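*Asks:* Sharing a structure below in structure tokens format, with a few things to ask.
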Amino acid sequence: MSTYYDLPLLKPPVWTWEVPTYFFVGGAAGAAAALGAIAQVTGADQTLVRDARWIAAAGATLSAPLLVADLGRPERFLNMLRVFKLQSPMSVGAWTLTAFGSASSAAAFAELVQRRTNLPVRVVGDASAVVAAATGLVMATYTGVLLGATAIPVWNENVRLLPVHFGASALGSAVSLLELRGHRDRALNALGLGTAIFETLVAASLDAGDDRVNAPLTRGRSGTLVRLAGALSGPVPLALRLFGARKAAAIATLAGSLATRFAWVEAGKASARDPRVAL
């Protein structure tokens with residue numbers, strides 16, 4: 001028989017599929033912008049630079065409607081831009097998305113204009129790419145900060161891990177998208193291996209946790225999803241890359257990255273429903 005002691009003390013997140021999808025899309029886009037800027041500076045193939053810029057621009061374009069769809073009305077997003085609050089991850093995220101979307105789109109279109117006309121837009125494109133890369137790094141990690149800054153026990157417990165975890169996952173996604181575009185650069189494979197190794201270590205660390213706060217990461221529906229996401233993000237693509245199956249590794253990484261966002265949201269919902277953890 002249940003008593004009032006069994007009633008949740010915290011309100012579970014009411015996010016639907018749009019939010020974890022936004023986390024995934026925005027993160028991959030942000031990491032792609034950073035990769036594009038690095039490729040530009042290091043003199044890499046211009047096709048790689050171009051594809052990275054367009055992946056970033058496309059991700060930014062998709063991110064805005066996903067976020068607005070969760071908020072319900074566009075004016076709610078606009079209201080968040082009225083004031084900039086550095087102490088608010090939501091405020092920082094809204095402003096970052098706005099700056100990132102503008103800069104990544106400008107960089108991509110400047111590159112297109114440069115290829116098709118003689119207009120002197122290269123400086124504009126390169127400057128926009130730098131801004132997109134800087135804000136893209138925030139896009140790739142701030143969603144982890146956003147989760148950790150809440151009162152949800154399992155998120156708050158992992159406040160230091162989440163930004164790095166999401167950032168590595170975003171980098172793996174950006175690398176995978178570029179590889180699926182046909183790029184076979186050694187540097188991309190090295191980055192893919194690095195993120196797969198890191199995600200393998202994260203998955204092992206989360207699976208080893210046996211305290212009640214982290215129980216949603218190993219038990220129930222959320223625990224199953226966390227383990228699946230960890231496998232697809234870490235050991236599976238790592239093994240595939242070691243055997244030279246880069247395309248299959250890229251697909252697994254993208255699936256794992258998306259599943260990671262859904263898994264952490266589900267873990268947060270499960271954590272909020274446990275009143276003893278909140279106490």
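No value in this document is a laboratory result; all are computed from the given coordinates. Predicted, not measured: the structure shown is a model, and the values here were computed from it. Counting neighbours? That spans all protein chains shown, and the Cβs are built from the backbone with ideal geometry, glycine included.
*Asks:* Which one, Ala133, Ala58, Gly256, projects farthest toward the positive side of the charge dipole computed for the chain from Cβ point charges (K/R +1, D/E -1)?
*Replies:* Result: Ala58.
*Asks:* Can you give the angle from 0 to 90° between the axis of helix 161-180 and the longest principal axis of the chain, with both taken from C-alpha atoms, to the nearest 10?
*Replies:* Value to nearest ten degrees: 40.
*Asks:* Another one. Let's see if you can work this out: charge +1 on each Lys and Arg Cβ, -1 on each Asp and Glu Cβ, no other charges. What is the dipole magnitude of the chain about its Cα centre, in debye to the nearest 20? Could you put the intermediate results ahead of the total?
*Replies:* On the way: 25 positive and 17 negative charges, 69 e Å.
For the chain, the charge dipole is close to 320 debye.
*Asks:* Which angle from 0 to 90°, rounded to the nearest 10, does the C-alpha axis of helix 186-208 make with the longest principal axis of the chain?
*Replies:* Here the helix axis deviates by roughly 0 degrees.
*Asks:* Show me the trypsin sites (Lys or Arg not before Pro) within the stretch 146-209 that DSSP assigns to loop and that have at most 13 other Cβ atoms within 10 Å of their Cβ. The partial results should precede the final answer.
*Replies:* Working: sites: Arg160, Arg181, Arg184, Arg186; in loops: Arg160, Arg181, Arg184.
In loop regions of the stretch 146-209 (DSSP not H, G, I, E or B), the sparsely surrounded trypsin sites (Lys or Arg not before Pro) are Arg160, Arg184.
*Asks:* So if I take the alpha carbon set of the stretch 132-219, get Rg, then get Rh from the Kirkwood formula, what is the Rg over Rh ratio? It would help to have the intermediate numbers written out before the result.
*Replies:* Details: Rg = 14.9 Å, Rh = 14.3 Å.
Computed over Cα atoms, the ratio is 1.05.
*Asks:* Say we join alpha carbon atoms closer than 10 Å with springs in a Gaussian network model of the chain; which of Asp51, Asp211, Asp185 then has the biggest fluctuation?
*Replies:* Asp211
*Asks:* Over the stretch 100-244, what relative contact order in percent results from Cα pairs under 8 Å that are six or more residues apart? Walk me through the intermediate numbers first.
*Replies:* Values: 149 pairs, mean separation 23.1, N = 145.
Averaging sequence separation for qualifying contacts and normalising by length gives 16 percent for the stretch 100-244.
*Asks:* In the stretch 107-261, with Lys and Arg counted as +1 and Asp and Glu as -1 at Cβ, which of these residues, Ala170, Thr200, Asn189, has the Cα nearest the positive end of the dipole, that is, farthest along it?
*Replies:* Asn189
*Asks:* Which order do peptides 138-148, 26-36 fall in by mean Cβ count within 10 Å, highest first? Display every interim value, and only then the final one.
*Replies:* On the way: 138-148: 23.9, 26-36: 31.2.
Peptide ranking by packing, descending: 26-36, 138-148.
*Asks:* Right, another one. Taking the Cα atoms only, what angle lies between the long axis of helix 18-41 and the longest principal axis of the chain, rounded to 10 degrees?
*Replies:* Approximately 40 degrees, to the nearest 10.
*Asks:* Let me ask another. What value, in deg cm²/dmol to 500, does the helix sum -39500 (n - 2.57) over DSSP H runs of n ≥ 4 give at 222 nm once divided by the residues of the chain? Display every interim value, and only then the final one.
*Replies:* Numbers: 12 runs with 213 residues, N = 279.
After summing the helix terms and dividing by the residues of the chain, the value is -26000 deg cm²/dmol.
*Asks:* Right, another one. Which whole-number percentage describes the relative contact order of the chain, with Cα contacts under 8 Å and a sequence gap of 6 or more?
*Replies:* Numbers: 474 pairs, mean separation 67.9, N = 279.
Over the chain, the number comes to 24 percent.
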